[in-house]
Amino acid sequence: MRGALLALALALPGGAALAAEPLAPFAAEYRIHVNKIPTPIKATLVLEPAPGEDRYRMLFEADSFMLTNTEESWFEWNDCEPRTERYVHEFQGFGKHRYHHTDFSWSPPRAVNSDSKEGKESFDIPADALDELTMLLRARCVFATGDKEYTATSVYGDRVRQHHFIVIDRETLDTPMGELDTLIVEKRRKGDRKEKRRTLFWVAPAKDYMVVKARHIESTLLRGELIMIDYGN
């Protein structure tokens, strides 16, 4: 279940204007389902301005008696390009407490990561690297131009990973914002050794590519879904 929840944490609403326009604040609430069964776990995702020009904070939280999962990113937004300053992820549940605290610098591009396993480590990163919370903000800009595929590089802990996003279908969904036409986007991670693992996002072009639903298939025995139940500006 933890693997499904962490993968679904990437299901980000867009809720933002394109190109050089500022991002619009939003707050969304989701219900988490595991193997098609609703769980008591609700998740919230918030985007809000941070002090300084073109700076924002995005927060994802899932909390229940079973677990607590928090992801937080502070980043700059410039011409549809998020540039991370700091990323934090903490998970506590099922007798485990894990965390990653990562600071990004860009002259030259480097990351300093502190985590629950390896302690503190500094390493070079690609100039276009993103964190795993803001990664879809860049992808949605690409889809808005009509392109159907996008590759992104992310930093998580001490790992640099490549992800490929591709539009595979369309579907109309009933959402808190009414009935919406959505694109179904599949995220594929380069070098993934689990052939059955898949992550899908349903994004609504009419709502600035808001993600209204996400599904992570970890294996034939474990499937998680994140379904929007409320949305506000």
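What follows is calculated from the coordinates using simple rules that are stated; it is not laboratory data. If you're wondering where the values come from, they're calculated on a predicted model, not measured in any experiment. In this analysis, Cβ positions are derived from the backbone assuming ideal geometry, glycine residues included, and neighbour counts consider all displayed protein chains.
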Listed residue pairs exceeding 26 Å between alpha carbons, taken from Lys42/Lys96; Lys42/Lys120; Lys96/Lys207; Lys96/Lys120; Lys42/Lys148; Lys187/Lys207: Lys42/Lys120; Lys96/Lys207; Lys42/Lys148
Most fluctuating residue given options Ala204, Ala127, Ala111, as computed from a GNM of the chain linking Cα atoms under 10 Å: Ala127
Cut-off under 5 Å, modelled amide H: who pairs with Phe26 long-range: Leu47
Exposure proxy ranking, count of Cβ atoms within 10 Å, fewest first, for Ser154, Ser107: Ser107, Ser154
Cut-off 20 Å (backbone N to label point 7 Å along Cα→Cβ of Arg197), residues of region 120-140: 130-136
Kirkwood Rh and Cα Rg combined as Rg over Rh, evaluated for the chain: 0.93
For the chain, built as a Gaussian network whose Cα springs stay under 10 Å, the top-fluctuating residue of Gly146, Gly157, Gly93: Gly146
Fluctuation leader among Arg98, Arg55, Arg83 - the chain, Gaussian network, Cα springs under 10 angstrom: Arg98
Estimated [θ] at 222 nm from DSSP helical runs (n ≥ 4, -39500 (n - 2.57)) normalised by residues in the chain, nearest 500: -2000 deg cm²/dmol
Alpha carbon Rg of region 89-165, scaled by the compact-globule rule 2.2 N^0.38 Å: 1.26
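Relative to the Cα centre, what is the charge dipole magnitude of the chain, using +1 at the beta carbon of each Lys and Arg, -1 at the beta carbon of each Asp and Glu, and rounding to the nearest 20 debye?
The dipole magnitude comes to about 1100 debye.
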Extension gain (nm, one decimal) between Arg110 and Thr68, 0.36 nm per residue minus Cα-Cα: 12.2 nm
